[in-house]
Amino acid sequence: MSFLMALLILIALFSLSENGDHPKRRRSRRHILYTESDSCLEECCKRAHSIGIKIVKELPFIGGVVCETADGEDVKLLTLERDVKIEEDVKVYATCLGFGRDQAAVGAIPPDTITLTGAPNLWKKTTGKGVSIAVIDTGIAEHSDLRVKGGISTLGEVHTENFRDDNGHGTHVAGIIAACGRDQGLLGMAPDADLYAVKALDRYGSGFVSDIIEGIAWATEHRMSIVNLSLGTAEKSEALRRAVRKAVAASTILVAASGNSGGTGSPGVLYPAKFSEVVSVGSVDSDGKLSSYTSYGPELNILAYGENILSTYLNNSYRRESGTSMAAPQVSGALALLLGMGYRGSDAVRALLESAKKLDLPKEKQGSGLLNLAPFAQSY
């Protein structure tokens, strides 16, 4: 055997020992446990402690907990308790392509794509004042064009008020919704809406489903009118749907990006956008052409502009980004304007979908059509 071959074998063996399935090296796995009965959940938690399963944090909004084990099989023992439901606490990711470029802002005018939606034509009547919008994302950074009224971080085992954005995605999304740089900065869809930051994604743009559930819980408990979710996962989560349904029952509107997987094939529209209770938003370019990357399918509700979108960014700067992450906040901002005009909850969603401009596309690729606020300027 040659020296080179022996070296390669040793490297391979070392790699297996470090990263393989050796019992002592199994990665810990997170699961969400929830039940209809508080007493049953209490018994489940006691059982978890008795067999060495760590309870990471509680999810009172859905009557559940997050637990962590060194061996994912251990947690299945908990399903022996009656009415206990269990699922893996999967990862969720920001739905931005991540190939943006910095740009100096053009003073005191809305970006072209926001003008195309017809939003500025409504500003003499409403700018979204008094409408509260929670941006569940990577946080929101300090910026001269953004007024953030408060927020929370749901990352980790303990909530904090440190919602500072260390990624940029959340700051960009927030600016599309409600940038208010009237003198020399940038204007968003609803410049006077109340922004709240819910940091549920880390500096890499990822988090757990449980972090999103806690974000939705916070938004619902603080009576947010709209929740923007420019994020998604291909994995269906009944625990997440439970949170979504509770939020909608409390008259909170949820808007989510459809995803950037490019078509109806796997995974298609991502969750939570795939849930029928959520307004699912796909992307087009400035000419109204369907973006090549946008996810679509029967769950898609509406399209908005999502390519090369100018908005606020880290370090008080501006940046152009693309993705359904950029389309969803246009719809959130548009809904804020309708709420400011007096529409209520589901009526605002219904009116927005009915006003959408029909494109020469199959329904699964456009939903109700392209975001279009012109009819409201004419009729108001």
Reach of Lys149 by Cα under 18 Å, taken over lysines that are not fewer than 8 positions away in the same chain: Lys129, Lys199
Can you give the extra length, in nm with one decimal, that the chain gains between Lys85 and Asn315 once fully stretched, where that is 0.36 nm per residue apart less the Cα-Cα distance? 78.4 nm
Distance between Cα centroids, region 224-301 to region 148-179: provide it in whole Å. 20 Å
5 angstrom amide H check on Gly185, placed H, neighbours 5+ away: Ala108
Region 246-380: Lys pairs at Cα distance under 28 angstrom, eight or more positions apart or on different chains: 11
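Throughout, read-outs are computed from the coordinates displayed, never taken from laboratory work. Keep in mind the model is a prediction, meaning the values are calculated, not measured.
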